[in-house]
Amino acid sequence: MERGEAYGFSAVMSGTFLLSCLLFAAINRRQRGPYMDEAFHVPQAQAYCHGRFLQWDPMITTLPGLYLASVGVVKPAAWLFGWTGSVVCSAAMLRFINLLFSAGNFYLLYLLLLKIHQKNKAVSGFQRILSTLTLAMFPTLYFFTFLYYTDPGSVFFTLFAYLMCLYGNHKTSALLGFCGFMFRQTNIVWTVFCAGNVVAEKLNEAWKTELQKKKDEKISSRKGSLSDLMRILRFLIKYLISLKNLVTLTALTWPYIILVTVFFVFVFVNDGIVVGDRSSHEACLHFPQLFYFLSFTVFFSFPHLLTPTKIRKFLLSLRKHPVQYSLIAVISLFLIWKFTYVHKYLLSDNRHYTFYVWRKIFQRHELVKYILVPVYMFAGWSFADTLKSKSIFWILMYFVCLLAVTVPQKLLEFRYFILPFLIYRLNIPFPSLYRQLLELAFYIVVNAVTFYLFLNKTFQWPNSDEIQRFMW
């Protein structure tokens, strides 16, 4: 990092943290007590603060990583500054832990952009800082910076694990992956993703050697065609049935293998992945979740994905490959028909934006979910098109992880999309400065509207005196 870039980064990060602190103070003045899931998280953390580590709220579905981390920060701080009484482990103090995680995420996002795009010398320091600021302001994540939820800490440890993986520190990466798993069990998928990065790199090296041997330029120049995919599939099978290759991959990824083994032992002992209220968190094959994620990504990355050039390219591709797209459309229609699930929370909780998305769009008519298939197809094509700079093995590995983290979820919840979105956004090529500025401006507007609604447009339920607020 050059000196000018270092100064610029420090100034932007400090300024963002200061503005976040001011917003944090405003939110805590308006919402002093626990809200929504905080009603479970805050008392659980306070029990840990008082040393009651065997006490557990059965409504909590995640492991105690958030509470352990909170106690590990708050208790030493209380001793150092002489805090006593209700201020220690109050709702505001616990929320402040997520503000610290948010600052950590800002730094990690910058380091990841620096590492992933290190070969692109055309990217300026200003662009890196701007992209970091944009991703740090990603609305769905940024909102939960100010509440006591697991998301900022979950993202912090997962991004940290990914960074260590990219630098080849796989034991450290697996340890950080374990911390992420303790915040949210589904983060084990991103441990597999880190191991997959190593495997994809080795496969890509072997594939290039294979191409060089055969001197077949067509394969590399037409990446993505059906014949190429069949050749790659045969190569994968041939590579993975080799004992020598398997030993090499195992030697490289053994820390991740141990962690995944621990996860399966946990699932066996716990008789499932959820630790608390299982009735509301049943796993299922909810394939349309992938379509919702793609739509979510297009919405938040529209400066990169929803452009006239991409639309023209998609229509041209549609004209060239009508049979393939027809088959994809039929499969999509079948998946929507047979595998669409509607969670009871989605229909009943009018505090979440997803409630209104479902009511205003999907519940207008039974056919709406099928009519949206062309939108999903464009979203999927545009999504894949922005990743074409990555190797085919990286794309396959990411897609498998994306399916694993979205499809089993019955509830449509935008928070579940945060990590797959960030991983995707970190790995696409740097857009033009104009598109970066447009994206940042869009995020700022969305955040402003979100916080305005949360703070000022309150309402009450019948037969309840509690103030309700709109949120993600």
Checklist entry - If packing is taken as the mean number of other Cβ atoms within 10 Å per residue, what is the order of 170-176, 424-430, highest first? => result 170-176, 424-430
Item to check | Highest to lowest packing among 180-188, 413-421, scored as the average C-beta count within 10 Å | outcome: 180-188, 413-421
Checklist entry - What label, among (i) 23.6, 87; (ii) 23.1, 75; (iii) 22.8, 68, belongs to Rg and Dmax of the Cα atoms in Å computed from the structure on display? => result (ii)
Checklist entry - Sorted by mean Cβ packing within 10 Å, highest first, what order do the peptides 434-445, 57-68 take? => result 57-68, 434-445
Checklist outcome for this item: Expressed in µm² per second, the diffusion coefficient of the stretch 124-217 from the Stokes-Einstein equation, with Rh the Kirkwood radius over alpha carbon pairs, at 4 °C and 1.567 mPa s, is 84 µm²/s
Item to check | Using θ = phi - 60° and Karplus 6.51 cos²θ - 1.76 cosθ + 1.60, couplings along the stretch 159-164 (whole Hz; Gly, Pro as x) | outcome: 5, 5, 4, 5, 4, 5
Next on the checklist: Using a Debye calculation, one point per C-alpha and no hydration shell, please list log10 I(q)/I(0) for the stretch 348-411 at q = 0.13, 0.15 Å⁻¹ in order.
Outcome noted: -0.56, -0.71
Checklist entry - What's the carbon and sulfur percent of the chain's accessible surface, probe 1.4 angstrom, rounded to a whole number? => result 67 percent
Checklist outcome for this item: A chain fully extended from residue 81 to residue 306 at 0.36 nm per residue, minus the present Cα-Cα distance, gains in nm 75.9 nm
Next on the checklist: Between the stretch 277-295 and the stretch 30-75, how far is it from one alpha carbon centroid to the other, in angstrom?
Outcome noted: 26 Å
Item to check | Model label zone, residue 68; criterion: amide N under 17 Å from point 7 Å along Cα-to-beta-carbon; scope the stretch 139-162 | outcome: 150-151, 153-158, 161
Item to check | Angle between the chain longest axis and helix 226-240 axis [Cα atoms, degrees, rounded to 10] | outcome: 70 degrees
Item to check | Per DSSP, loop trypsin sites (Lys or Arg not before Pro) in the stretch 59-147 with at most 10 further Cβ within 10 Å | outcome: 119, 121
Checklist entry - Rounded, prolate or oblate: which fits the stretch 282-431 when a ≥ b ≥ c are the square roots of the eigenvalues of the alpha-carbon gyration tensor, with rounded for a/c under 1.5 and prolate only if a/b beats b/c? => result prolate
Checklist outcome for this item: Set 338/360; 119/202; 202/320, cut-off 25 Å on Cα-Cα distance; pairs above it are 202/320
Checklist outcome for this item: With a 29 Å threshold on alpha-carbon distance, the violating pairs from 238/410; 238/310; 115/388; 344/390; 344/369 are 238/410; 238/310; 344/390
Item to check | Length released on extending from residue 201 to residue 30, taking residue separation times 0.36 nm less the Cα-Cα span | outcome: 56.6 nm
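Rounded to the nearest 20 Debye, what is the dipole magnitude of the chain about its Cα centre when Lys and Arg each give +1 and Asp and Glu each give -1 at the C-beta? The partial results should precede the final answer.
Values: 46 positive and 22 negative charges, 322 e Å.
Magnitude of the dipole: close to 1540 debye.
Would you work out the charge dipole size for the stretch 282-431 about its Cα centre, treating the Cβ of every Lys and Arg as +1 and the Cβ of every Asp and Glu as -1, and quote it to the nearest 20 debye? Write out the running numbers ahead of the final one.
Values: 17 positive and 5 negative charges, 73 e Å.
The calculation lands at about 340 debye.
The values are calculated or read from the model by the stated rules, or taken from the named source; none is laboratory data. Because the structure is a prediction, the values reported are computed rather than measured. When we count neighbours, we look across all protein chains shown, and the Cβ atoms used for this are built from the backbone with ideal geometry, even at glycine. Protein only, heavy atoms only, side chains kept; ligands, DNA and RNA dropped before computing areas. Shrake-Rupley method; radii C 1.70, N 1.55, O 1.52, S 1.80 Å.
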